[in-house]
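The structure appears below as structure tokens.
The values are calculated or read from the model by the stated rules, or taken from the named source; none is laboratory data. Predicted model, so just to flag it, every value in this text is computed and none were measured. No Cβ is skipped: glycine too gets one built from the backbone with ideal geometry, and neighbour counts run over all protein chains shown.
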């Protein structure tokens, strides 16, 4: 079996790659930075059960359709057709919309949405011809509700949900399974950078909920793929938003708007989710 992972040099992508590599699967890691890819390959080959010849890397910017097609083609010529695609490459640059440079907005849309489409396109035709294969798109809990300072990120990750649903309708008749997941805050290098930029208003809304580990998120994703799930959720609050969003979101957004108007800097503010249900955890 051949698994291709974009964003495979760190975070959730790397954690998923480790799980498949430990099973003896051939794994191709795709990411932009060659140095980080070398380190990631070293981490995978350090696993005692992993055959180093079953790991390969390719430096590519998934925002480029031509680069992505070329890199995937190279990986498939070496390890055979892609059986499972993990589209994990993504970026986040939180900032209020009117303070966000247009280039930063565009980059998030391009990488998170178009980058996913590019790598899916690169494997999809072959999967259809073979009448089999799995595609996993890594979205975000931010796709389920609008968050202050995350206009570009929420837009790009929400769009993935529509993309996955529509593609699933097309792919099902060919035996290709399309899955999407909506992880919570996850301890990754990108998350640590994101936290240094996250607006205080977003913290008010999201609360101080302990993030998940990348290993825990990866384990749930792989387990969901093994079971053939179409959508994978994490924690009570994100699951509730996914299934009951039209009922839940209006009071949540009303509460947030009211709180924003009344912030005085006195006392300790509670998070949006804490105010609604007494503190259901976004990440467990």
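Look through the range 22-32, keep the residues that are touching a strand residue (DSSP E or B) at 6+ places or on another chain (Cβ under 7 Å) and surrounded by fewer than 24 Cβ atoms within 10 Å (Cβ to Cβ), and return whichever of them is modelled with the lowest pLDDT.
Checked the range 22-32; the qualifying residue modelled with the lowest pLDDT is 32.
Can you say whether residue 187 is at pLDDT below 95 and more than 14 Å from the chain's Cα centre (by Cα), as far as the supplied structure shows?
no
Identify the single condition in (1) more than 22 Å from residue 9 (Cα to Cα); (2) within 21 Å of the chain's Cα centre (by Cα) that residue 218 does not satisfy, given that it satisfies every other one.
Checking residue 218 against (1) more than 22 Å from residue 9 (Cα to Cα); (2) within 21 Å of the chain's Cα centre (by Cα), the one that fails is (1).
What number goes with the only condition from (1) surrounded by fewer than 16 Cβ atoms within 10 Å (Cβ to Cβ); (2) modelled with pLDDT of 80 or more; (3) on the phi < 0 side of the Ramachandran plot; (4) out of contact with any strand residue (DSSP E or B) (no Cβ under 6 Å at 6 or more places or on another chain) that residue 234 does not pass?
In the conditions (1) surrounded by fewer than 16 Cβ atoms within 10 Å (Cβ to Cβ); (2) modelled with pLDDT of 80 or more; (3) on the phi < 0 side of the Ramachandran plot; (4) out of contact with any strand residue (DSSP E or B) (no Cβ under 6 Å at 6 or more places or on another chain), residue 234 misses (1) alone.
Taking the range 1-17 as the region of interest, how many residues are buried (at least 23 other Cβ atoms within 10 Å of the Cβ) and more than 15 Å from the chain's Cα centre (by Cα)?
Of the residues in that region, 1 qualify.
Tally time: how many residues in the range 200-240 are over 26 Å from residue 170 (Cα atoms) and part of a helix (DSSP H, G or I)?
Selection size over the range 200-240: 17.
Does residue 82 meet the test of being in contact (Cβ under 8 Å) with a residue 40 or more places away in the chain, more than 18 Å from the chain's Cα centre (by Cα) and either assigned to a helix (DSSP H, G or I) or under 26 Å from residue 257 (Cβ atoms) (or both)?
Spelling it out, it is not the case that residue 82 is in contact (Cβ under 8 Å) with a residue 40 or more places away in the chain, more than 18 Å from the chain's Cα centre (by Cα) and either assigned to a helix (DSSP H, G or I) or under 26 Å from residue 257 (Cβ atoms) (or both).
Does residue 73 fit the bill of being on the phi > 0 side of the Ramachandran plot and in contact (Cβ under 8 Å) with a residue 12 or more places away in the chain?
no
Please determine whether any residue of the range 171-179 is touching a strand residue (DSSP E or B) at 6+ places or on another chain (Cβ under 7 Å) and either surrounded by fewer than 18 Cβ atoms within 10 Å (Cβ to Cβ) or touching a residue at least 60 places away in the same chain (Cβ under 8 Å) (or both).
No - not one qualifying residue is present in the range 171-179.
Return the pair list, or none, for Cβ contacts closer than 8 Å from residues in the range 34-50 that are on the phi < 0 side of the Ramachandran plot and part of a helix (DSSP H, G or I) to residues that are modelled with pLDDT of 95 or more and loosely packed, with under 14 Cβ neighbours inside 10 Å, at least 6 apart or on different chains.
Taking only residues 6 or more apart or on different chains, the pairs are 45/52.
Are there any pairs with C-beta distances below 9 angstrom linking a residue in the range 154-167 that is without any contact (Cβ under 8 Å) to a residue 24 or more places away in the chain to a residue that is in a helix (DSSP H, G or I), with the two at least 6 apart or on different chains, and if so which?
What qualifies is 154/142; 154/143; 158/142; 158/143; 161/143.
From the list 89, 104, 71, 63, which one is modelled with pLDDT of 95 or more, within 21 Å of residue 143 (Cα to Cα) and assigned to a helix (DSSP H, G or I)?
Of 89, 104, 71, 63, the one residue that is modelled with pLDDT of 95 or more, within 21 Å of residue 143 (Cα to Cα) and assigned to a helix (DSSP H, G or I) is 104.
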